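Just below is one structure, and these are the notes that go with it.
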Amino acid sequence: MGFADYRTALVTGASSGIGAATVRRLSDEGLEVYAIGRNSERLTRLSAQTGCRACVVDLNDTRALTELAKAAAFDVLVNNAGQSRRGSILNTAAEDVDTLVDVNLRAVVHLTRLIVPEMAKRDRGHVVNVSSIAGHYAFGENATTFNSSVAYHATKAGIHSLTKQLRVDLYGTRVRVTEVSPGRVATAIFGDPDEGGEGDTRFVGAFETLQPEDIADAIAFAVGTPIRMNVATLEVVPTLQVIGDLRFARRSEAAQLTMIDDGADNA
Ligand SMILES: NC(=O)c1ccc[n+]([C@@H]2O[C@H](COP(=O)([O-])OP(=O)(O)OC[C@H]3O[C@@H](n4cnc5c(N)ncnc54)[C@H](OP(=O)(O)O)[C@@H]3O)[C@@H](O)[C@H]2O)c1
């Protein structure tokens, strides 16, 4: 099994949701896990529970990432951290575009650039990139049931492309590369209810979503397979969530749709 070949892992976005569940899962498998996030209180708690190394790092800080990459010979890199925003191109804010591109894409490319060459030299390693169904499919923004913006879709499509190209760049090595593409998971990404966010009631509570542990299990499955086997892509969605929609606005509707929403009702 792959776990027997690996000793250390680095997991980003470890302070909550899918990342925290992944730290728990990989720690249970006996890996020494470096858990990355900005919230030191949550990381300290996670460290007390799992024995992971809490690393308080902002992914926007490329210099800090460079130092972090030297901390160990990482066998497993889970690029999981991400943020989401609501809205379409008609009402997206400049700072939301910057945040999404910086955290969801730019930092992932940097961390991968910093860690993967050493994996290739050792001929051992596994990169798991957490994308999203938003990276594979277009779906209409709907304030009541969706929570993604055009920039979010674009960054996650970037992760999909990065993952595929990485396999090409690593041709001939035993460094494996997996994309895990989740549908809706009950996490704080929809607005942390502990911090007054509405995500729990609006996007999670009413739906039979996945739990963070479901995605951690999917990641552990990919990492735990024999070294000869590379699980390239896992799309994991709630049973009651389907993707597939064809809309065709009637002429009469089109006139109304051109009256662009200014975003005020978008929350
Ligand atoms: N939940 C879903 O339905 C869903 C669906 C598809 C894909 N995903 C993807 O799954 C991944 C994990 O998200 P989640 O759902 O588990 O959400 P989450 O609970 O909000 O976790 C996001 C994590 O990212 C970290 N993070 C955000 N900005 C950061 C920064 N600048 N520097 C360092 N860490 C940062 C956060 O830590 P700090 O706040 O401590 O920095 C947090 O640990 C994301 O890539 C998301 O796009 C989620």
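The values are calculated or read from the model by the stated rules, or taken from the named source; none is laboratory data. Model, not experiment: these values are computed from the prediction. Every residue, glycine among them, receives a Cβ derived from its backbone with ideal geometry; neighbour counts consider all protein chains shown. What goes into the accessible areas is simple: the full protein's heavy atoms, side chains included, and nothing from ligands, DNA or RNA. Shrake-Rupley method; radii C 1.70, N 1.55, O 1.52, S 1.80 Å.
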Cross-link partners of LYS164 among lysines (Cα-Cα below 24 Å; sequence separation of 8 or more within a chain) | LYS121, LYS156
Estimated FRET transfer efficiency when R0 is 25 angstrom, pair GLU41-ALA71 (beta carbons, to 0.05) | 0.70
At a 1.4 Å probe, what is the % contribution of carbon and sulfur to the accessible area of the chain?
-> 52 percent
Toward the positive end of the charge dipole of the chain, about the Cα centre and with charges on Cβ (Lys, Arg +1; Asp, Glu -1), which of PHE139, ALA21, VAL109 goes farthest?
-> VAL109
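What number, in nm² with one decimal, is the all-direction average of the projected area of the convex hull of the alpha-carbon atoms of region 29-138? Mind showing how you got there, number by number?
On the way: hull surface 34.0 nm².
Its Cα hull, projected and averaged over all orientations, spans 8.5 nm².
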Between VAL236 and residues 5 or more places away or on another chain, the pairs with built amide H atoms under 5 Å apart involve SER181, GLY183
Under Karplus coefficients 6.51, -1.76 and 1.60, residue-wise ³J(HN,Hα) of region 178-188 in Hz, glycine/proline x | 10, 9, 10, 10, x, x, 6, 10, 6, 9, 6
Under a GNM of the chain (C-alpha, springs under 10 Å), which listed residue has the highest mean-square fluctuation: ARG45, ARG228, ARG53?
-> ARG228
So what's the convex hull volume per residue for the Cα atoms of the chain, in Å³?
-> 133 Å³
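What is the packing order of peptides 206-217, 233-244, 67-78, taking the mean over residues of other C-beta atoms within 10 Å and listing the highest first? Let's see the in-between values first.
On the way: 206-217: 17.8, 233-244: 13.1, 67-78: 19.9.
Packing proxy ranking, top to bottom: 67-78, 206-217, 233-244.
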Karplus-derived 3J(HN,Hα), 6.51/-1.76/1.60, for each residue of region 60-70, Hz, glycine and proline x = 6, 8, 5, 5, 5, 5, 4, 5, 4, 4, 8
Rounded to the nearest 5, the percent of DSSP beta bridges in region 2-257 running antiparallel is 0 percent
Hey, rough spin-label estimate for THR239 and GLN211, points 7 angstrom out along Cα→Cβ, what's it come to in nanometres?
-> 1.5 nm
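State in Å² the accessible area per residue of the chain; use a 1.4 Å probe, count heavy atoms of protein chains only, and round to the nearest integer.
51 Å²
Rg(Cα) of region 1-85 divided by 2.2 N^0.38 Å?
Values: Rg = 12.0 Å, N = 85, 2.2 N^0.38 = 11.9 Å.
Normalised by 2.2 N^0.38 Å, the Cα Rg of region 1-85 equals 1.01.
With +1 on each Lys and Arg Cβ and -1 on each Asp and Glu Cβ, how big is the dipole of region 2-257 about its Cα centre, in debye rounded to the nearest 20?
Numbers: 27 positive and 30 negative charges, 157 e Å.
Dipole size: approximately 760 debye.
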